[in-house]
Amino acid sequence: MTITALTNQCPDVLAHVADFFIIGENKMNTKERIQLQDEIRAVFDSGDILSASEEKLQEYMASLCLEPVANESMRHAKIIQALTINHIQMKRHIGELNQKNTTLQYLVIALAIFSIIGTAIQSYIAIRTEIRFKPIAIQQPIKTPESTKSISKTSKVSYESSKNKTHNKS
């Protein structure tokens, strides 16, 4: 069965295969496909797959997913290699997200600390202001109905007690 016949049966899935191998910029001849398969095998054998660039991983993944495998016993190895590449890509993506989350976490902690410091400063200023002006509010002059003299609240008790003593004497 040719690629054209497969594309007619499953146009959505196999159209990408046709684009990869026949139509697009990634047009590969048989020799290039064999070289890429050899490169993939060598990268996996040496363990260099872990340090491969993202572009290379994408190229390897496309080749593994789209290249037909004639030998049935090799098909499982290609699937495992594709899963390994997918795992490496996911691990890198999660690492990047973790780094961004760590940066954001430090920013939120710094904002929380600044918020606590700001609240403490506001509380300190409010308490200090209240202590400073509280005695002044208590010592404001009060006019009593009995006299027209101004007296302070603190001396009101002594004024009333002296007034009572004067009334008691008379």
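Throughout, read-outs are computed from the coordinates displayed, never taken from laboratory work. Because the structure is a prediction, the values reported are computed rather than measured. A quick note on method: Cβ atoms are made from the backbone with ideal geometry, for glycine too, and the neighbour counts reach across all protein chains shown.
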Original post:
Can you list the trypsin sites (Lys or Arg not before Pro) in region 27-89 that are in a DSSP coil and have 13 or fewer other beta carbons within 10 angstrom?
Top reply: K27
Subject >> Residue-wise HN-Hα coupling along region 87-97, computed from phi with Karplus coefficients 6.51, -1.76, 1.60 (Hz; x: Gly, Pro) >> reply: 5, 4, 5, 5, 4, 5, 5, 5, x, 5, 5
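How far, in nm, would the chain grow between T103 and A42 when pulled straight, counting 0.36 nm per residue and subtracting the alpha carbon separation?
Result for the pair: 18.2 nm of gain on full extension.
Using Cβ counts within 10 Å as a stand-in for footprinting exposure, how do S123, S63 rank, fewest first?
Details: S123 10, S63 22.
Listed from fewest to most nearby Cβ atoms, that is S123, S63.
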Original post:
Arranged by the count of other C-beta atoms within 10 angstrom, fewest first, what order do M74, M61 take?
Top reply: M74, M61
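Cut-off is 10 Å between beta-carbons; in what order do T119, T84, T30 appear when sorted fewest neighbours first? Please list the in-between numbers first.
Values: T119 10, T84 17, T30 7.
With the sparsest Cβ surroundings first, the list reads T30, T119, T84.
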